[in-house]
Amino acid sequence: MRALRRLVRDIASSSDVPAGTPPAFVALLDAASAVHHRLAAARRWAYDERWLTPTKVPAPVVSVGDVTWGRTGKTPMAEYIAREIADEGFAPVVLSRGYWAGNEATMLRRRLADVPNARVLVGKDRYKLARDALEGNKINTTQNETQMKRKGFDREKRFAGDVDVDDTELRCVTEKHESASGQDAESGFEPNENKKTQTAFVLDDGAQHLRLHRDLEIVMVNTSYGWGNAKIFPRGPLREPIGTVLSTADIIALHRFPCDDGTEEFTENELEKAKEIEREVRGYIINSRKANQINRVPPLVIKTHIRPTKIERLARYVGDSPPHEWRPPISRLRGSRVFCPSGVGDANSVKRLLESLTAPAVNDPKNGYGLRLRQTGSVEVWDYAGHDDVWFDEFELQNIVGKFKAMHKKSGDVGQSEARLVLFEADVGRILGNNKRKFDTLAMLQQCDPLVLCTELVVSDDRDAAKLKQRLEETLRKGTTENRY
(Lines give C-alpha, C1' and ligand atoms only; values in the text may rest on other atoms or scores of the structure.)
Protein backbone atom coordinates (compact mmCIF):
# COMPACT_ATOMS: atom_id res chain seq x y z
CA MET A 1 0.00 0.00 0.00
CA ARG A 2 2.87 2.36 0.82
CA ALA A 3 4.49 1.71 -2.57
CA LEU A 4 1.14 2.37 -4.27
CA ARG A 5 0.71 5.72 -2.51
CA ARG A 6 4.26 6.71 -3.41
CA LEU A 7 3.59 5.83 -7.06
CA VAL A 8 0.41 7.94 -7.09
CA ARG A 9 2.34 10.84 -5.55
CA ASP A 10 5.16 10.52 -8.08
CA ILE A 11 2.65 10.52 -10.95
CA ALA A 12 0.87 13.57 -9.53
CA SER A 13 4.12 15.49 -8.97
CA SER A 14 5.57 15.13 -12.44
CA SER A 15 4.38 16.21 -15.86
CA ASP A 16 5.67 12.89 -17.23
CA VAL A 17 4.45 9.51 -16.04
CA PRO A 18 7.34 7.68 -14.33
CA ALA A 19 8.97 5.02 -16.47
CA GLY A 20 7.63 1.54 -15.90
CA THR A 21 4.18 2.65 -14.73
CA PRO A 22 1.51 0.25 -16.09
CA PRO A 23 -0.68 2.06 -18.65
CA ALA A 24 -3.76 0.38 -17.17
CA PHE A 25 -3.01 1.96 -13.78
CA VAL A 26 -2.69 5.42 -15.36
CA ALA A 27 -5.99 4.87 -17.20
CA LEU A 28 -7.65 3.91 -13.92
CA LEU A 29 -6.39 7.12 -12.29
CA ASP A 30 -7.66 9.14 -15.27
CA ALA A 31 -11.11 7.61 -14.92
CA ALA A 32 -11.22 8.23 -11.17
CA SER A 33 -10.03 11.79 -11.73
CA ALA A 34 -12.80 12.44 -14.27
CA VAL A 35 -15.43 11.18 -11.82
CA HIS A 36 -14.00 13.26 -8.98
CA HIS A 37 -13.90 16.35 -11.22
CA ARG A 38 -17.55 16.00 -12.26
CA LEU A 39 -18.78 15.38 -8.73
CA ALA A 40 -16.86 18.38 -7.36
CA ALA A 41 -18.07 20.60 -10.21
CA ALA A 42 -21.69 19.50 -9.73
CA ARG A 43 -21.50 20.17 -6.00
CA ARG A 44 -20.03 23.64 -6.43
CA TRP A 45 -22.58 24.43 -9.20
CA ALA A 46 -25.41 23.46 -6.83
CA TYR A 47 -24.14 25.99 -4.28
CA ASP A 48 -23.52 28.68 -6.91
CA GLU A 49 -27.05 28.29 -8.29
CA ARG A 50 -28.58 28.24 -4.78
CA TRP A 51 -29.86 24.68 -5.10
CA LEU A 52 -27.86 24.22 -1.93
CA THR A 53 -27.33 27.04 0.55
CA PRO A 54 -24.34 27.44 2.87
CA THR A 55 -25.40 27.43 6.51
CA LYS A 56 -24.48 30.49 8.54
CA VAL A 57 -23.55 30.58 12.19
CA PRO A 58 -23.91 33.73 14.33
CA ALA A 59 -20.17 34.38 14.41
CA PRO A 60 -17.46 35.34 11.89
CA VAL A 61 -15.91 32.41 9.99
CA VAL A 62 -12.49 32.53 8.32
CA SER A 63 -11.70 29.65 5.98
CA VAL A 64 -8.15 28.47 5.26
CA GLY A 65 -7.88 26.09 2.31
CA ASP A 66 -5.80 25.23 -0.72
CA VAL A 67 -5.86 24.20 -4.36
CA THR A 68 -3.66 21.11 -4.06
CA TRP A 69 -3.66 18.41 -1.42
CA GLY A 70 -1.05 18.74 1.30
CA ARG A 71 2.17 20.68 1.83
CA THR A 72 0.62 24.13 1.44
CA GLY A 73 0.85 25.52 5.00
CA LYS A 74 -2.86 25.44 5.88
CA THR A 75 -2.37 24.49 9.52
CA PRO A 76 0.40 27.07 10.20
CA MET A 77 -1.83 29.69 8.57
CA ALA A 78 -4.75 28.58 10.75
CA GLU A 79 -2.58 29.17 13.81
CA TYR A 80 -1.49 32.57 12.46
CA ILE A 81 -5.12 33.62 11.90
CA ALA A 82 -6.19 32.32 15.31
CA ARG A 83 -3.55 34.48 16.98
CA GLU A 84 -4.63 37.51 14.96
CA ILE A 85 -8.23 36.89 15.97
CA ALA A 86 -7.21 36.71 19.63
CA ASP A 87 -5.34 40.01 19.27
CA GLU A 88 -8.63 41.58 18.16
CA GLY A 89 -10.29 40.48 21.40
CA PHE A 90 -12.16 37.46 20.04
CA ALA A 91 -12.03 33.85 21.23
CA PRO A 92 -10.62 31.82 18.30
CA VAL A 93 -12.09 28.37 17.70
CA VAL A 94 -10.39 26.22 15.06
CA LEU A 95 -12.68 23.71 13.34
CA SER A 96 -10.62 20.79 12.05
CA ARG A 97 -11.67 17.80 9.96
CA GLY A 98 -9.16 15.70 11.87
CA TYR A 99 -7.27 13.93 9.09
CA TRP A 100 -4.19 11.81 9.81
CA ALA A 101 -5.39 10.62 13.22
CA GLY A 102 -5.92 14.18 14.41
CA ASN A 103 -2.26 15.17 14.27
CA GLU A 104 -3.06 18.71 13.12
CA ALA A 105 -5.42 19.22 16.03
CA THR A 106 -2.87 17.77 18.46
CA MET A 107 -0.21 20.17 17.22
CA LEU A 108 -2.53 23.18 17.13
CA ARG A 109 -3.65 22.60 20.72
CA ARG A 110 -0.08 22.76 21.88
CA ARG A 111 0.77 25.77 19.72
CA LEU A 112 -2.27 27.77 20.83
CA ALA A 113 -1.97 26.88 24.51
CA ASP A 114 -0.84 30.42 25.32
CA VAL A 115 -3.79 32.05 23.49
CA PRO A 116 -6.63 32.97 25.89
CA ASN A 117 -9.92 31.15 25.23
CA ALA A 118 -8.56 29.35 22.15
CA ARG A 119 -9.98 25.92 21.29
CA VAL A 120 -9.41 23.32 18.59
CA LEU A 121 -12.43 21.16 17.79
CA VAL A 122 -12.36 18.05 15.63
CA GLY A 123 -15.21 16.45 13.72
CA LYS A 124 -16.59 15.67 10.31
CA ASP A 125 -19.64 17.92 10.75
CA ARG A 126 -17.97 21.25 11.38
CA TYR A 127 -21.26 23.15 11.33
CA LYS A 128 -22.40 21.07 14.31
CA LEU A 129 -19.07 21.73 16.01
CA ALA A 130 -19.57 25.46 15.55
CA ARG A 131 -23.14 25.38 16.87
CA ASP A 132 -22.14 23.31 19.89
CA ALA A 133 -19.26 25.67 20.61
CA LEU A 134 -21.57 28.70 20.54
CA GLU A 135 -24.19 26.99 22.69
CA GLY A 136 -21.63 25.85 25.24
CA ASN A 137 -22.26 22.14 24.70
CA LYS A 138 -19.68 19.57 25.73
CA ILE A 139 -17.67 18.40 22.75
CA ASN A 140 -15.80 15.13 22.56
CA THR A 141 -12.35 15.92 21.26
CA THR A 142 -8.99 14.24 21.37
CA GLN A 143 -7.82 13.87 24.96
CA ASN A 144 -5.15 16.30 26.03
CA GLU A 145 -1.85 14.49 25.56
CA THR A 146 -0.36 16.06 28.69
CA GLN A 147 -2.89 14.13 30.80
CA MET A 148 -2.21 10.73 29.25
CA LYS A 149 -0.09 8.09 30.89
CA ARG A 150 3.23 7.67 29.14
CA LYS A 151 3.66 3.93 28.92
CA GLY A 152 7.08 2.63 27.99
CA PHE A 153 8.68 6.07 27.63
CA ASP A 154 11.22 6.95 30.28
CA ARG A 155 11.55 10.67 29.77
CA GLU A 156 14.45 11.02 32.22
CA LYS A 157 16.69 8.58 30.35
CA ARG A 158 19.21 10.43 28.21
CA PHE A 159 21.03 9.12 25.19
CA ALA A 160 24.74 8.37 25.61
CA GLY A 161 26.89 11.33 24.68
CA ASP A 162 24.14 13.92 25.19
CA VAL A 163 26.28 16.64 26.75
CA ASP A 164 25.14 20.24 26.54
CA VAL A 165 28.17 22.30 25.47
CA ASP A 166 28.36 25.83 24.15
CA ASP A 167 24.74 26.50 25.05
CA THR A 168 25.08 30.10 26.15
CA GLU A 169 21.39 30.74 25.50
CA LEU A 170 20.05 27.95 27.70
CA ARG A 171 17.34 29.07 30.03
CA CYS A 172 14.98 27.63 32.59
CA VAL A 173 11.36 27.67 31.43
CA THR A 174 8.00 26.31 32.40
CA GLU A 175 5.53 26.47 29.54
CA LYS A 176 1.86 26.92 30.07
CA HIS A 177 0.86 23.91 27.99
CA GLU A 178 3.02 21.59 30.09
CA SER A 179 0.74 21.92 33.10
CA ALA A 180 -2.67 20.30 32.95
CA SER A 181 -3.97 22.03 36.07
CA GLY A 182 -6.88 24.36 35.46
CA GLN A 183 -7.31 23.24 31.86
CA ASP A 184 -10.39 21.89 30.19
CA ALA A 185 -9.91 18.11 30.07
CA GLU A 186 -11.57 17.83 26.70
CA SER A 187 -9.87 20.55 24.74
CA GLY A 188 -6.62 21.08 26.62
CA PHE A 189 -7.30 24.80 27.04
CA GLU A 190 -8.39 26.98 29.88
CA PRO A 191 -12.16 27.46 29.99
CA ASN A 192 -13.57 30.73 28.79
CA GLU A 193 -14.30 32.59 31.99
CA ASN A 194 -15.18 35.79 30.17
CA LYS A 195 -18.59 34.95 28.77
CA LYS A 196 -18.75 38.28 26.94
CA THR A 197 -15.82 37.38 24.71
CA GLN A 198 -17.15 36.90 21.19
CA THR A 199 -16.24 33.80 19.23
CA ALA A 200 -14.70 33.70 15.77
CA PHE A 201 -14.13 30.47 13.86
CA VAL A 202 -11.17 29.35 11.77
CA LEU A 203 -12.21 26.67 9.29
CA ASP A 204 -9.08 24.59 8.73
CA ASP A 205 -8.95 22.97 5.26
CA GLY A 206 -12.16 24.73 4.31
CA ALA A 207 -11.88 25.52 0.58
CA GLN A 208 -14.03 22.52 -0.35
CA HIS A 209 -16.23 22.58 2.76
CA LEU A 210 -19.03 24.54 1.10
CA ARG A 211 -21.74 23.68 3.62
CA LEU A 212 -20.54 26.27 6.14
CA HIS A 213 -20.77 29.93 5.14
CA ARG A 214 -17.49 31.78 5.46
CA ASP A 215 -16.91 35.52 5.78
CA LEU A 216 -13.29 35.45 4.62
CA GLU A 217 -11.69 32.92 2.28
CA ILE A 218 -7.91 32.32 2.42
CA VAL A 219 -6.34 30.03 -0.20
CA MET A 220 -2.80 28.71 0.16
CA VAL A 221 -0.54 28.04 -2.85
CA ASN A 222 2.79 26.26 -2.40
CA THR A 223 5.19 28.00 -4.80
CA SER A 224 7.95 25.41 -4.30
CA TYR A 225 5.61 22.64 -5.44
CA GLY A 226 3.29 24.46 -7.83
CA TRP A 227 0.42 22.57 -9.44
CA GLY A 228 2.25 19.28 -9.96
CA ASN A 229 0.97 17.82 -13.23
CA ALA A 230 -2.05 20.19 -13.03
CA LYS A 231 -4.56 17.31 -13.05
CA ILE A 232 -7.44 16.55 -10.70
CA PHE A 233 -7.02 14.08 -7.83
CA PRO A 234 -6.17 11.17 -7.88
CA ARG A 235 -4.46 11.60 -11.28
CA GLY A 236 -2.92 14.81 -10.00
CA PRO A 237 -2.70 16.93 -6.84
CA LEU A 238 -5.55 19.38 -7.63
CA ARG A 239 -8.67 19.19 -5.49
CA GLU A 240 -10.59 21.25 -8.05
CA PRO A 241 -9.63 23.29 -11.13
CA ILE A 242 -7.22 26.07 -10.16
CA GLY A 243 -9.38 28.93 -11.38
CA THR A 244 -12.45 27.59 -9.58
CA VAL A 245 -10.80 27.79 -6.16
CA LEU A 246 -8.87 31.02 -6.72
CA SER A 247 -11.98 32.83 -7.97
CA THR A 248 -13.60 32.48 -4.54
CA ALA A 249 -10.57 33.68 -2.56
CA ASP A 250 -10.38 36.93 -0.63
CA ILE A 251 -6.72 36.33 0.22
CA ILE A 252 -4.23 34.19 -1.70
CA ALA A 253 -1.05 33.26 0.17
CA LEU A 254 1.94 32.29 -1.97
CA HIS A 255 3.56 29.95 0.54
CA ARG A 256 7.28 29.18 0.70
CA PHE A 257 7.96 32.11 -1.60
CA PRO A 258 11.73 32.83 -1.56
CA CYS A 259 12.58 35.80 0.65
CA ASP A 260 15.84 37.47 1.60
CA ASP A 261 15.50 37.27 5.39
CA GLY A 262 18.49 34.95 5.61
CA THR A 263 16.42 31.97 6.80
CA GLU A 264 17.02 29.86 3.70
CA GLU A 265 19.05 30.08 0.52
CA PHE A 266 17.28 29.70 -2.81
CA THR A 267 18.60 29.13 -6.30
CA GLU A 268 17.73 31.31 -9.27
CA ASN A 269 15.63 28.47 -10.71
CA GLU A 270 13.59 28.19 -7.53
CA LEU A 271 13.03 31.94 -7.43
CA GLU A 272 11.97 31.97 -11.08
CA LYS A 273 9.56 29.07 -10.48
CA ALA A 274 7.94 30.94 -7.59
CA LYS A 275 7.59 34.08 -9.72
CA GLU A 276 6.02 32.02 -12.50
CA ILE A 277 3.45 30.64 -10.04
CA GLU A 278 2.74 34.22 -8.92
CA ARG A 279 2.19 35.33 -12.52
CA GLU A 280 -0.18 32.41 -13.10
CA VAL A 281 -2.14 33.19 -9.93
CA ARG A 282 -2.55 36.84 -10.89
CA GLY A 283 -3.57 35.73 -14.38
CA TYR A 284 -6.28 33.48 -12.97
CA ILE A 285 -7.56 36.38 -10.87
CA ILE A 286 -7.81 38.73 -13.87
CA ASN A 287 -9.46 36.12 -16.11
CA SER A 288 -11.92 35.11 -13.42
CA ARG A 289 -13.01 38.67 -12.75
CA LYS A 290 -13.52 39.32 -16.46
CA ALA A 291 -15.44 36.09 -17.06
CA ASN A 292 -17.72 36.45 -14.04
CA GLN A 293 -17.91 40.27 -14.03
CA ILE A 294 -16.96 40.33 -10.36
CA ASN A 295 -17.29 43.73 -8.73
CA ARG A 296 -16.12 42.85 -5.23
CA VAL A 297 -12.76 43.84 -3.80
CA PRO A 298 -9.99 41.95 -5.64
CA PRO A 299 -8.21 39.27 -3.60
CA LEU A 300 -5.14 40.26 -1.66
CA VAL A 301 -2.03 38.33 -2.76
CA ILE A 302 0.57 37.89 -0.01
CA LYS A 303 3.80 35.89 0.36
CA THR A 304 4.54 33.64 3.32
CA HIS A 305 7.30 31.32 4.45
CA ILE A 306 8.19 29.06 7.37
CA ARG A 307 10.57 30.21 10.09
CA PRO A 308 12.08 27.90 12.75
CA THR A 309 11.37 29.06 16.29
CA LYS A 310 12.81 26.55 18.75
CA ILE A 311 13.92 22.98 19.38
CA GLU A 312 12.96 20.73 22.27
CA ARG A 313 13.97 17.27 23.37
CA LEU A 314 11.21 14.85 22.45
CA ALA A 315 11.08 13.71 26.08
CA ARG A 316 10.30 17.27 27.15
CA TYR A 317 7.86 17.83 24.30
CA VAL A 318 5.59 14.88 25.12
CA GLY A 319 5.83 14.89 28.93
CA ASP A 320 5.24 17.01 31.98
CA SER A 321 8.56 18.78 32.18
CA PRO A 322 10.04 19.80 35.52
CA PRO A 323 10.83 23.52 35.74
CA HIS A 324 14.57 22.88 36.10
CA GLU A 325 15.04 21.05 32.80
CA TRP A 326 17.10 22.95 30.23
CA ARG A 327 15.98 23.51 26.68
CA PRO A 328 18.74 23.64 24.06
CA PRO A 329 18.69 26.79 21.92
CA ILE A 330 18.12 26.41 18.22
CA SER A 331 21.75 27.39 17.67
CA ARG A 332 22.60 23.99 19.20
CA LEU A 333 22.30 22.56 15.67
CA ARG A 334 25.20 24.67 14.35
CA GLY A 335 27.86 22.38 12.97
CA SER A 336 25.83 19.21 13.73
CA ARG A 337 25.28 16.23 11.48
CA VAL A 338 21.50 16.14 11.30
CA PHE A 339 19.43 13.13 10.30
CA CYS A 340 15.76 13.89 9.67
CA PRO A 341 13.08 11.34 8.72
CA SER A 342 10.33 13.66 7.49
CA GLY A 343 6.79 13.39 6.24
CA VAL A 344 5.88 17.08 6.35
CA GLY A 345 6.55 18.09 2.76
CA ASP A 346 8.99 17.87 -0.10
CA ALA A 347 12.44 16.73 0.93
CA ASN A 348 14.21 19.65 -0.76
CA SER A 349 12.41 22.26 1.34
CA VAL A 350 13.04 20.29 4.52
CA LYS A 351 16.73 19.86 3.75
CA ARG A 352 17.17 23.52 2.84
CA LEU A 353 15.61 24.66 6.12
CA LEU A 354 17.79 22.32 8.18
CA GLU A 355 20.92 23.32 6.29
CA SER A 356 20.28 26.92 7.30
CA LEU A 357 20.31 25.79 10.95
CA THR A 358 23.45 23.65 10.73
CA ALA A 359 25.53 26.20 8.80
CA PRO A 360 28.15 28.23 10.73
CA ALA A 361 26.73 31.39 12.29
CA VAL A 362 29.62 33.56 11.15
CA ASN A 363 27.54 36.74 10.92
CA ASP A 364 25.46 36.03 14.01
CA PRO A 365 26.34 38.42 16.88
CA LYS A 366 25.47 35.57 19.26
CA ASN A 367 27.63 33.02 17.48
CA GLY A 368 29.66 32.28 20.60
CA TYR A 369 32.33 29.61 20.35
CA GLY A 370 32.83 26.01 19.41
CA LEU A 371 30.15 24.15 17.44
CA ARG A 372 28.43 27.24 16.05
CA LEU A 373 31.49 28.16 13.99
CA ARG A 374 32.47 24.68 12.87
CA GLN A 375 32.31 23.91 9.17
CA THR A 376 31.04 20.40 9.85
CA GLY A 377 27.28 20.80 9.50
CA SER A 378 25.49 18.31 7.24
CA VAL A 379 21.90 17.22 6.67
CA GLU A 380 20.42 13.93 5.49
CA VAL A 381 16.65 13.68 4.95
CA TRP A 382 14.62 10.52 4.49
CA ASP A 383 11.45 11.51 2.64
CA TYR A 384 8.30 9.89 4.04
CA ALA A 385 5.83 12.44 2.69
CA GLY A 386 2.45 10.80 2.26
CA HIS A 387 3.44 7.78 4.36
CA ASP A 388 2.20 8.62 7.84
CA ASP A 389 2.04 4.97 8.85
CA VAL A 390 5.83 4.83 8.80
CA TRP A 391 5.87 6.00 12.43
CA PHE A 392 4.09 2.81 13.43
CA ASP A 393 6.04 0.41 11.22
CA GLU A 394 8.53 -1.44 13.44
CA PHE A 395 10.81 -2.32 10.51
CA GLU A 396 11.07 1.31 9.34
CA LEU A 397 11.59 2.56 12.88
CA GLN A 398 14.44 0.09 13.32
CA ASN A 399 15.99 1.43 10.12
CA ILE A 400 15.72 5.00 11.44
CA VAL A 401 17.23 4.12 14.81
CA GLY A 402 19.95 2.03 13.18
CA LYS A 403 20.88 4.84 10.81
CA PHE A 404 21.19 7.33 13.66
CA LYS A 405 23.24 4.99 15.84
CA ALA A 406 25.66 4.48 12.95
CA MET A 407 26.03 8.27 12.65
CA HIS A 408 26.42 8.69 16.40
CA LYS A 409 29.31 6.21 16.60
CA LYS A 410 31.44 8.70 14.67
CA SER A 411 30.48 11.70 16.81
CA GLY A 412 33.46 11.20 19.13
CA ASP A 413 36.03 10.91 16.33
CA VAL A 414 38.45 13.78 15.80
CA GLY A 415 37.05 16.23 13.26
CA GLN A 416 33.55 14.73 13.40
CA SER A 417 30.55 16.75 14.52
CA GLU A 418 27.72 15.87 16.86
CA ALA A 419 24.98 13.66 15.41
CA ARG A 420 21.36 14.68 16.00
CA LEU A 421 18.05 13.10 15.06
CA VAL A 422 15.58 15.93 14.29
CA LEU A 423 11.82 15.48 13.93
CA PHE A 424 9.39 18.12 12.71
CA GLU A 425 6.58 19.02 15.04
CA ALA A 426 3.94 17.90 12.53
CA ASP A 427 5.42 14.38 12.46
CA VAL A 428 5.43 14.24 16.25
CA GLY A 429 1.78 15.32 16.08
CA ARG A 430 1.06 12.31 13.86
CA ILE A 431 2.67 10.04 16.44
CA LEU A 432 0.79 11.57 19.37
CA GLY A 433 -2.47 11.42 17.42
CA ASN A 434 -2.42 7.61 17.48
CA ASN A 435 -3.42 6.80 21.05
CA LYS A 436 -3.07 3.04 20.59
CA ARG A 437 0.42 2.85 19.08
CA LYS A 438 2.19 6.04 20.02
CA PHE A 439 3.84 4.70 23.17
CA ASP A 440 5.67 1.94 21.29
CA THR A 441 6.90 4.49 18.75
CA LEU A 442 8.07 6.91 21.43
CA ALA A 443 9.89 4.12 23.24
CA MET A 444 11.70 3.17 20.03
CA LEU A 445 12.67 6.76 19.19
CA GLN A 446 13.81 7.39 22.77
CA GLN A 447 17.01 5.51 21.95
CA CYS A 448 18.05 8.47 19.79
CA ASP A 449 16.94 11.26 22.14
CA PRO A 450 15.45 13.21 19.19
CA LEU A 451 15.02 16.95 18.97
CA VAL A 452 11.65 18.36 17.89
CA LEU A 453 11.88 21.34 15.54
CA CYS A 454 9.05 23.86 15.92
CA THR A 455 8.28 26.40 13.21
CA GLU A 456 5.82 29.20 12.50
CA LEU A 457 4.31 30.84 9.45
CA VAL A 458 5.54 34.35 8.69
CA VAL A 459 4.13 36.90 6.26
CA SER A 460 7.25 37.95 4.38
CA ASP A 461 6.37 41.61 3.85
CA ASP A 462 5.26 43.83 6.73
CA ARG A 463 2.96 45.76 4.41
CA ASP A 464 1.24 42.52 3.37
CA ALA A 465 0.91 41.57 7.04
CA ALA A 466 -0.74 44.92 7.76
CA LYS A 467 -3.16 44.49 4.83
CA LEU A 468 -4.03 40.97 5.98
CA LYS A 469 -4.68 42.27 9.48
CA GLN A 470 -6.90 45.02 8.09
CA ARG A 471 -8.96 42.55 6.03
CA LEU A 472 -9.35 40.37 9.08
CA GLU A 473 -10.41 43.31 11.25
CA GLU A 474 -13.04 44.31 8.68
CA THR A 475 -14.34 40.75 8.54
CA LEU A 476 -14.63 40.43 12.30
CA ARG A 477 -16.29 43.83 12.63
CA LYS A 478 -18.72 43.10 9.79
CA GLY A 479 -19.52 39.63 11.10
CA THR A 480 -20.16 40.99 14.58
CA THR A 481 -22.46 43.74 13.27
CA GLU A 482 -24.48 41.36 11.07
CA ASN A 483 -24.96 38.88 13.89
CA ARG A 484 -26.16 41.61 16.24
CA TYR A 485 -29.33 42.30 14.29
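Between Ala27 and Glu380, the FRET efficiency from the beta-carbon distance, with R0 = 41 Å, is close to 0.65.
Compared with the alpha-carbon gap, the fully stretched path from Glu135 to Lys410 is longer by 93.1 nm at 0.36 nm per residue. Cross-link pairs exceeding 20 Å in C-alpha to C-alpha distance, out of Lys273/Lys303; Lys56/Lys478; Lys56/Lys467, comprise Lys56/Lys467.
The distance between label points at Trp326 and Val297 comes to 5.0 nm (points 7 Å beyond Cα on the Cα→Cβ vector). Annotation for segment 1-43 versus segment 53-127: alpha-carbon center distance of 30 Å. Sorting the segments 439-450, 331-342, 5-16 by their mean number of nearby beta carbons within 10 angstrom, highest to lowest, gives 331-342, 439-450, 5-16. For segment 18-124, the Kirkwood hydrodynamic radius from C-alpha pairs, put into Stokes-Einstein at 25 °C and a viscosity of 0.890 mPa s, yields a diffusion coefficient of 145 µm² per second. Accessible area per residue for segment 379-463 is 40 Å², calculated with a 1.4 Å probe on protein heavy atoms, without ligands, DNA or RNA. Between Asp461 and Lys478, the simple spin-label model (points 7 angstrom out along Cα→Cβ) gives 2.2 nm. Seen through its C-alpha gyration tensor, with square-root eigenvalues sorted a ≥ b ≥ c, segment 29-87 comes out oblate because a/c lies at 1.5 or above while a/b is not bigger than b/c. Each of the peptides 207-213, 230-236, 52-58 was scored by the mean count of other Cβ atoms within 10 Å over its residues; in descending order, highest first, they stand as 230-236, 207-213, 52-58. Model label points for Ser13 and Lys128, set 7 angstrom from Cα along the Cα-to-Cβ axis, are 3.7 nm apart. For the listed peptides 270-283, 304-317, a ranking on the average number of other beta carbons within 10 Å per residue, highest first, reads 304-317, 270-283. Extension gain, Arg83 to Ser356: 0.36 nm times the residue separation minus the Cα-Cα distance gives 95.6 nm.
The values are calculated or read from the model by the stated rules, or taken from the named source; none is laboratory data. Keep in mind the model is a prediction, meaning the values are calculated, not measured. Don't worry about glycine lacking a Cβ; one is built from the backbone with ideal geometry, like all the others, and counts go over all protein chains shown. SASA here: full protein model, heavy atoms, side chains in, ligands and nucleic acids out. Shrake-Rupley method; radii C 1.70, N 1.55, O 1.52, S 1.80 Å.
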